[in-house]
Amino acid sequence: MSNKGLISVFTGNGKGKTSAALGLMLRSSGYGKRVCMIQFIKGDWKCGEHEGVKHLEGLAEIHAMGKGFTWKSDDIEKDIALAKEAWAFASKKIQEEAFSMIILDELTYLIKYKMVEEQDIINVLKNKPENLHIVITGRDASDGLIALADLVTEMKEIKHPYKKGVPAQQGFDY
């Protein structure tokens, strides 16, 4: 079977964008395919996916490259430098041809906050290896990412426990 590498975008204000991408990681690694996830904004706090990926040793890896929620930054210039470093790292991983899927978690924020030029990102994605699947997550996907993608899913919040005062829960939210 031959594969055409697809570009997928999970966007919107609802929960489930990263979870959907992690589901694809699990599905792909279940077939012995290698997957790399690069998290641009998540920071270095402990997340269940970082623990879970240890059970997929050799098939899946996660790189948390950001320092947290950028919109709460106390040093935006440092955040921009980190974002550019993370994008350079992701670009290299895309060109390595070592993975069947690369997940660019929260990539949309690099464009939204003008940390990396949208056209630079689009150019790398347009020139990805033919069989490589790319999965992009994050709110407010740009028109350019949406136009480039083969699949776009918008998660729409209808109801969320946070609005009733229920905080994020281990194993469900992180």
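Is it the case that residue 76 is in contact with a helix residue (DSSP H, G or I) (Cβ under 7 Å, 6 or more places away or on another chain) and over 24 Å from residue 15 (Cα atoms)?
Considered against the rule, which asks whether it is in contact with a helix residue (DSSP H, G or I) (Cβ under 7 Å, 6 or more places away or on another chain) and over 24 Å from residue 15 (Cα atoms), residue 76 comes out as no.
Residues 132, 151: which one is under 25 Å from residue 29 (Cβ atoms) and touching a Leu at 6+ places or on another chain (Cβ under 8 Å)?
Only one candidate qualifies: 151.
Results for (1) over 29 Å from residue 157 (Cα atoms); (2) of a type in the set (A, V, I, L, M); (3) touching a Phe, Trp or Tyr at 6+ places or on another chain (Cβ under 7 Å), shown as yes or no for each residue.
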| residue | (1), (2), (3) |
| --- | --- |
| 31 | yes, no, no |
| 83 | no, yes, yes |
| 97 | yes, no, no |
| 101 | no, yes, no |
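Could you say which residue among 128, 159 is surrounded by 10 or more Cβ atoms within 10 Å (Cβ to Cβ) and among the basic types (Lys, Arg)?
128
Taking the conditions exactly as written (surrounded by 17 or more Cβ atoms within 10 Å (Cβ to Cβ), part of a helix (DSSP H, G or I), polar (S, T, N, Q) and touching a strand residue (DSSP E or B) at 6+ places or on another chain (Cβ under 8 Å)), does residue 29 satisfy them or not?
Answer is yes for this residue.
May I ask you to verify whether residue 42 is part of a loop (DSSP other than H, G, I, E, B) and either buried (at least 21 other Cβ atoms within 10 Å of the Cβ) or in contact with a Gly (Cβ under 8 Å, 6 or more places away or on another chain) (or both)?
yes
Residue by residue through region 49-77, note down the ones that are small (Gly, Ala, Ser) and either at pLDDT below 90 or buried (at least 18 other Cβ atoms within 10 Å of the Cβ) (or both).
60, 64, 66, 68, 73 - these are the residues of region 49-77 that are small (Gly, Ala, Ser) and either at pLDDT below 90 or buried (at least 18 other Cβ atoms within 10 Å of the Cβ) (or both).
I'd like the residue in region 28-59 that is under 14 Å from the mean Cα position of the chain (by Cα) and aliphatic (A, V, I, L, M) and, out of all such residues, is farthest from residue 132 (Cα to Cα).
41
The values are calculated or read from the model by the stated rules, or taken from the named source; none is laboratory data. Please read all numbers here as calculations on a predicted model, not as lab measurements. Backbone-built Cβ (ideal geometry, glycine too); neighbour counts: all protein chains shown.
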